[in-house]
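Notes to accompany the following structure.
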Amino acid sequence: MKAEYFVGLDIHKKSWVVAIVCQQEAIFRSRIDSNVQTLFSVLAKNSVMPNNSIFVYEAGSFGYSLYDDLTNRGYQGIVVSPTQIPSEPGDRVKTDFRDSLDLAVKLEAGMLRGIYIPSLKQRAVRDLSRTRWQLFRQRTSLIRQVKSKLLFQGIPYPDKGWSKKLRDFILSIEMDSTHKQAITHLIETLDHIEKRLSRIEQHLHQTLIREGYATQLALLRTIPGIGTRTAEVFITEIGDFKRFPDAEHLTSYLGLTPVEYSSGEKVIRGPISHRGNPRVRQTLIEAAWTTVRIDPRMRMHYNRLSKRIGSRKAIIACARKLIHIMYRMLITGEVYRSEKSATIVH
């Protein structure tokens with residue numbers, strides 16, 4: 001289909017701004033109610049039909065419901081990442097009307113590339129996984145708050161982790177009753193979140209098994225340092241891993257590829273890009289620390305690199321190697337074997 005009309009949408013909670021471009025000219029720009037039926041009416045009045053148009057909007061907190069509504073009606077379009085939209089140097093003027101028109105113009109010029117749209121099933125399991133992640137972060141924050149209150153009062157406590165033993169120890173400490181109430185409230189909230197975490201972890205695991213991810217989970221768990229939670233985060237966040245032509249593309253997608261600056265014959269490699277999915281990136285870096293402790297080959301790889309580039313960069317390199325291993329295993333169905341890891345990784 002050769003599109004005649006290019007529709008740029010700048011969407012917000014209470015309103016959407018619609019820009020329609022045809023042959024490099026804006027034929028319509030207006031703010032409308034955030035209602036898909038109103039949008040369909042606007043498109044129809046401007047002769048924008050499913051067989052002659054393409055739409056675009058930026059990915060954000062509104063998800064893919066508008067994309068679903070439009071594609072279910074027969075329209076074609078893309079959702080783009082805000083960080084990958086080309087911008088003019090020095091252009092600092094940003095308004096909803098300019099943004100929607102800019103999207104439409106760049107869409108017509110072929111300057112935009114859409115992101116991957118997960119299926120409804122993938123979105124559902126990912127949402128459950130991300131809810132678990134949010135609860136875990138709340139748990140971490142509450143533990144930090146409890147320990148901060150003890151520190152403020154000059155009360156010593158074990159510095160590592162959180163356990164029932166530490167919880168009971170804190171509640172047994174004699175202190176001013178009002179201070180005790182403050183800490184008790186936090187700990188009781190923490191108890192509640194830990195119960196919810198346990199339930200959501202069971203629910204997530206059961207859902208993944210029911211949806212056919214049991215084989216992938218079992219494969220990834222054969223890697224030392226990759227437990228159930230790490231495997232679940234990787235699977236739910238990546239979705240269809242076959243959309244990546246090779247492991248290097250997946251590594252770049254996760255923001256673990258070094259930024260490169262080149263001029264003439266000079267090439268400078270900087271820090272990792274940090275683009276892409278922060279949940280997977282953080283989870284894999286944490287898993288890499290465990291892997292280098294318990295897997296001999298990965299430990300050798302880490303030790304060799306850390307002497308040359310330092311421990312921080314070395315663990316990032318190990319996380320990249322983990323991605324290559326995981327990608328290859330999911331493609332081939334081969335379980336992890338430490339002595340054969342060199343043949344698994346390209």
Can you pull the one-decimal nm distance between simple spin-label points at R221 and A26, each 7 Å off the Cα toward Cβ? 5.6 nm
Cα long-axis angle, helix 278-294 against the chain (0 to 90 degrees, to the nearest 10): 30 degrees
For the chain, take the longest principal axis of its alpha carbons; what is the angle in degrees between that and the long axis of helix 96-108, to the nearest 10 within 0 to 90? 80 degrees
At 222 nm, what helix-only mean residue ellipticity would the chain give, in deg cm²/dmol to the nearest 500, using -39500 (n - 2.57) for each DSSP H run of four or more? -18000 deg cm²/dmol
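Once a ≥ b ≥ c are taken as the square roots of the eigenvalues of the Cα gyration tensor of the stretch 120-212, is the result rounded (a/c under 1.5), prolate (a/b larger than b/c) or oblate (a/b not larger than b/c)? Display every interim value, and only then the final one.
Working: a/c = 3.24, a/b = 3.03, b/c = 1.07.
Verdict is prolate for the stretch 120-212.
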Full extension between Q181 and Y157 adds, at 0.36 nm per residue less the Cα distance, a length in nm of 6.8 nm
Over the Cα atoms of the chain, how large are the radius of gyration and the largest Cα-Cα distance (Dmax), in Å? 25.1, 76
Counting DSSP beta bridges with both ends in the chain, the antiparallel % (nearest 5): 65 percent
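Once the piece of chain linking A109 and S141 is laid out straight, how much longer is it, given 0.36 nm per residue of separation minus the C-alpha distance between them? Provide the component values of the computation, followed by the final result.
On the way: separation 32, 0.36 × 32 = 11.52 nm, distance 4.64 nm.
Full-extension gain reported as 6.9 nm.
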The FRET efficiency for K45 and H12, from their Cβ-Cβ distance with R0 = 25 Å and rounded to 0.05, is 0.70
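Past the 20 Å Cα-Cα mark, which pairs from K2/K242; K160/K321; K149/K180; K45/K106; K160/K307?
Details: K2/K242 28 Å; K160/K321 29 Å; K149/K180 10 Å; K45/K106 23 Å; K160/K307 28 Å.
In this structure, K2/K242; K160/K321; K45/K106; K160/K307 lie more than 20 Å apart at Cα.
Between S252 and Q37, what length comes free when the chain is fully extended (0.36 nm per residue of separation minus the Cα-Cα distance, one decimal in nm)? Display every interim value, and only then the final one.
Values: separation 215, 0.36 × 215 = 77.40 nm, distance 3.86 nm.
Result: 73.5 nm gained on full extension.
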For the stretch 55-119 and the stretch 139-181, write down the distance between their C-alpha centroids in whole Å. 48 Å
Modelled FRET efficiency - R0 30 Å, K149 with I294, Cβ distances, 0.05 increments: 0.25
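Quick note: the coordinates plus some simple rules give every number you see, no bench work behind them. Remember, it's a predicted structure, so these values are computed and weren't measured experimentally. Cβ coordinates were reconstructed from backbone atoms using ideal geometry, including for glycine residues, and neighbour counts include every protein chain displayed.
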